[in-house]
Amino acid sequence: MLDYSSLSALAAVIREGSFERAARALHVTPSAVSQRIRLLEERVGCALVIRDQPCRATQTGRRLCRHVDQVQLLEQDLQATLPALAAQGMARATLPVAVNADSLATWLAPAIAAFAAEHPVLMEVAVDDQDHTADWLRSGAVLAAVSATARPASGCNSRPLGAMRYLAAASPAFLQRHFAHGVGAASLALAPSLVFNAKDELQARWVRRLCHRHVELPRHALPSPHAFVTAALAGMGWGLHPQALIQPHLDNGSLVELLPATPLDVPLHWHTARAASGLLDGLSAAILAAARTGLLPP
């Protein structure tokens, strides 16, 4: 049987990023946190914390952290049905999820905020490329994820959310400067593009579909959907933007599509760990409802 005070210490170290901040959160000394982690590591027979800045969990450590999160959610379910437990003032449960930045910047944030405002949870939202968020769930770092991958990981469920429509757009001045003679492989190989980070393949995918081959693109890296829009408006580069985010700029002409009628639709899916939790089910219902109005139909 695992010691839950030690598991709580592990979860606090990973959540807070250091033994000192974990100790403050748990109202104990850093040496007490260190001792609990050491005893837990001896119990399971392997390292659980990578002592870095910030501290990170090993693969086994992430699985144990997910177990703690699931237990907290189950305790919240009990609290809702057993008034005696509710009277003890139990702490809010942490609900970690991984999402893509474009969803968070458009349709997803209002749904998460509304859910958290009405339920006893502390949301912990990690941002990654939609092609990689499922890895967070697979590793045990989160309990749910918005992902472009349809197939669920082992021990998880997957439901279609809909498709996010992206449009390749830039400022009129940028188009005149770089694409005056048309948008093709030669001009795209010279015109600066915008990417979220090294994992972002949307621009390359759009170009591959257009040119039927790979084109090496010059890239500016900007890890923010809103920075993407700002950069495009300033003429820094072209990029794939969520239509919902740039529609006002398309309407007033401050941004224009590189090629009309060439959208890129990215299907999204909601993956959840198979944990019998009313709170997780409630979050899922809120996410699915928001997707019905914020995304194209599945």
Legend entry - Efficiency of FRET from Cβ geometry, Ser254 and Ala227, R₀ 22 Å, rounded to 0.05: 0.90
Legend entry - Listed residue (Thr106, Cys46, Leu7) projecting farthest to the positive dipole end of segment 1-121, Cβ model: Cys46
Inset, instruction - Determine the relative contact order of segment 32-144: mean sequence separation of Cα pairs under 8 Å and six or more apart, normalised by residue count, in whole percent. - result: 28 percent
Legend entry - Accessible surface of the chain, 1.4 Å probe, proportion on carbon and sulfur as whole %: 56 percent
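Could you tell me which of rounded, prolate or oblate describes segment 1-146, using a ≥ b ≥ c as the square roots of the eigenvalues of the alpha-carbon gyration tensor, with rounded for a/c under 1.5 and, failing that, prolate when a/b is larger than b/c and oblate otherwise?
Numbers: a/c = 1.89, a/b = 1.19, b/c = 1.59.
Verdict is oblate for segment 1-146.
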Legend entry - Leu104 versus Ala180: modelled label distance in nm, points set 7 Å from Cα along the beta carbon direction: 4.1 nm
Inset, instruction - Please determine, in degrees from 0 to 90 and to the nearest 10, the orientation of helix 243-252 with respect to the longest principal axis defined by the Cα atoms of the chain, where the helix direction is its Cα long axis. - result: 40 degrees
Legend entry - Helix axis angle, 109-118 relative to the chain longest principal axis, alpha carbon, degrees: 20 degrees
Legend entry - Gain upon complete extension [Asp131, Arg208; 0.36 nm per residue less C-alpha separation]: 26.0 nm
Legend entry - Formal net charge of residues neighbouring Leu296 (Cβ-Cβ distance under 13 Å; K, R +1; D, E -1): +1
Inset, instruction - Would you mind getting me the FRET efficiency between Ala47 and Met1? Use the beta-carbon distance for r and R0 = 30 Å, nearest 0.05. - result: 0.90
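Provide the percentage of antiparallel DSSP beta bridges, counting only those with both residues in the chain; round to the nearest 5. Each step should come with its number before you reach the end.
On the way: 23 of 36 bridges.
Antiparallel bridges: around 65 percent, rounded to the nearest 5.
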Inset, instruction - Could you grab the relative contact order for segment 172-298? Cα pairs under 8 Å, six or more apart, rounded to a whole percent. - result: 23 percent
Legend entry - 5 angstrom amide H check on Glu124, placed H, neighbours 5+ away: Leu95, Val97
Legend entry - Cα shape, the chain, gyration tensor, a/c 1.5 rule: prolate
Inset, instruction - Only Cα pairs under 8 Å and at least 6 apart count here; give the relative contact order of segment 119-229 as a rounded whole percent. - result: 18 percent
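The values are calculated or read from the model by the stated rules, or taken from the named source; none is laboratory data. These numbers were taken from a predicted model, which means no experiment stands behind them. Here Cβ is always computed from backbone atoms with ideal geometry, including for glycine, and neighbour counts include all displayed protein chains. These accessible areas exclude ligands, DNA and RNA; they are computed on the full protein's heavy atoms, side chains included. Shrake-Rupley method; radii C 1.70, N 1.55, O 1.52, S 1.80 Å.
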